[in-house]
Amino acid sequence: MSDTGGGHRASAEALSAALNTLYPGQLNISIVDMWTKYGVWPYNRLVQTYRFLGRRPLLWRIAYDLGRIPLFRRLQEAWCGLLCFAGVKRCLTENKPDLIVSVHPLCQTLPLRVLKSMGGGTKRVPFVTVVTDLASAHPTWFHRGVDAAYVPTEALRRMARRQGLKPEQVRLTGLPIRPEFWCTGAPPTKAKARARLGLLHAAPTAVIVGGGDGVGRLSEIAHSVADQLSADMPLSQLVVVCGRNEAVRAALQARPWPPNVQVTVLGFIPHLDMYMAAADVLVTKAGPGTIAEACALGVPLILSSFLPGQESGNVPFVTEGGFGTYEHRPRGIAHAVSALLLDPPRLQEMGRKARSAGRPRATLDIAADLVQTMLPPVRQ
Ligand code: UDP
């Protein structure tokens, strides 16, 4: 994987937890940011590049679309191979895997090429991809040379087939999400979650999050929402999770807020599940991980932005699923948040639909299948 955004590592850790739950003490699992640790410049700067592009949607769109042009892709892959083949080979020889699981769209082509070049004698190392995008994905996710590709939605199953994968290679399972979302039985009630977090017990509550990197105009959105809530109801609360975006967190913590809105500004929160469970509504960019987690907990969504291409399909997935709306302008988002908080029956109905779109068992299902893929001597 590579640590671009928060979702890939979150998915890798989720799979690791599920594997350890099913086979405690029997597996040795390494999660490796392949490009940062084994790549050379510019590939070892992928994380920083992603962060830079994530804040500039137009540039992101150009980079994303260039990667869809087959000729450009081939040239890029050839160049990358020239620079990074030796590093990726070192990654494989150092880790000595019995199974390789890729959870990143840019971790297919070169590792598969290196693997092929290494032969393997009688022991062949299976290679699978677990797609961590939700309802739209970049073509680089789908490589015909994999043993299996696990996809979260029907839209991506169809896309995998269009990219030339055979029906038996594609497995529709759901998106891996962290154990907090699947292993503790029933999720905590709002009351319990709010009590544990020291939040107001009965106040209508909105949580705003912008993925692991805290992207998507968090500051403007938080201010519009706070002003709207202050005007529309006597008391409410707002939690703003800035992720790793320290600049936004510092700016928001320094600003004054309306007296009748209790505002909590946070940085990166390892246990976001508790804040999601406390929320009546979650405002987020259309990140696949956050959407899948909200579904598992039955939390209605307001999507505030999406990364063109990679996250565009997630918007209709949510809006057509009936468990969220999409609003781009901060004022529109603020109106939508307030209208929802003032309409508990609608919130309840959306929460029910969110839960029915969730696949909380996906992580365990994938983990069980991964071990099956690793066990038998698959190819001579
Ligand atoms: N996340 C977290 N703490 C934070 C902010 C985000 O644990 O403070 C997690 C969130 O729960 C989700 C992931 O980071 O699992 C974000 O993934 P998503 O696919 O939504 O967006 P990305 O950051 O990958 O673009």
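Read-outs throughout are calculated quantities, based only on the coordinates presented, and are distinct from any laboratory measurement. All values derive from a computational prediction rather than experimental measurement. With ideal geometry, Cβ positions are generated from the backbone for all residues, glycine too; neighbour counts draw on all protein chains shown.
Taking 11 Å as the cut-off, the amide N atoms of region 92-111 that come nearer than this to a point 7 Å along the Cα-to-beta-carbon line of Ser117 belong to 110-111. For Asp213, the residues whose modelled amide H falls within less than 5 Å of its own, excluding neighbours fewer than 5 places apart on the same chain, are Gly6, Arg244.
Each Lys and Arg adds +1 at its Cβ and each Asp and Glu adds -1 at its Cβ; summed about the Cα centre, the chain shows a dipole of about 980 debye. Does region 261-380 classify as rounded, prolate or oblate by the C-alpha gyration tensor (a ≥ b ≥ c root eigenvalues; a/c under 1.5 gives rounded; else a/b over b/c gives prolate, otherwise oblate)? Prolate is the answer for region 261-380, as a/c is 1.5 or above and a/b outweighs b/c.
Sorted ascending by nearby beta carbons within 10 Å, beginning with the fewest, Trp141, Trp257, Trp41, Trp182 become Trp41, Trp257, Trp182, Trp141. On the beta carbon distance between Arg162 and Ala251, with R0 = 51 Å, the FRET formula returns roughly 0.70.
For region 226-264, the residues whose amide N sits under 18 Å from a probe point set 7 Å from the Cα of His201 along the beta carbon direction are 235-237, 262.
Between the amide H of Val281 and those of Thr205, Val207, distances stay under 5 Å, these residues lying 5 or more places away or on another chain, with hydrogens modeled in the peptide plane.
Can you flag which of Lys89/Lys285; Lys166/Lys353; Lys89/Lys166 are past 30 Å Cα-Cα? Long pairs (Cα-Cα over 30 Å): Lys89/Lys285; Lys166/Lys353. Rounded, prolate or oblate: which fits region 115-156 when a ≥ b ≥ c are the square roots of the eigenvalues of the alpha-carbon gyration tensor, with rounded for a/c under 1.5 and prolate only if a/b beats b/c? Here region 115-156 falls in the prolate category. Along its principal axes, the chain has C-alpha extents of 71, 41, 34 angstrom, given from the largest down. Taking 0.36 nm per residue of separation and subtracting the Cα-Cα distance, full extension of the segment from Leu66 to Thr319 would add 88.2 nm.
Of Thr264, Thr21, Thr284, the sequence from fewest to most neighbouring Cβ atoms within 10 angstrom is Thr21, Thr264, Thr284.
Extension gain for Arg144-Arg55 works out to 28.8 nm (0.36 nm per residue, less the C-alpha to C-alpha distance).
Scalar couplings 3J(HN,Hα) for region 16-33, obtained by applying the Karplus form with A = 6.51, B = -1.76, C = 1.60 to θ = phi - 60°, are 4, 5, 5, 4, 6, 5, 6, 10, x, x, 9, 10, 10, 10, 10, 9, 10, 7 Hz; x denotes Gly and Pro. A straight Cα-to-Cα reach below 20 Å connects Lys190 with the aspartates and glutamates Glu180, Asp273, Asp280, Glu293, Asp343, Glu349, residues fewer than 8 places away in its own chain not being considered. Within region 314-333, what residues put their amide N at less than 19 Å from the label point 7 Å along the Cα-to-Cβ vector of Gln348? Within reach of a label on Gln348: 322-324. Among Arg68, Arg249, Arg161, a tally of other beta-carbon atoms within 10 Å of each Cβ gives an order, fewest to most, of Arg68, Arg161, Arg249.
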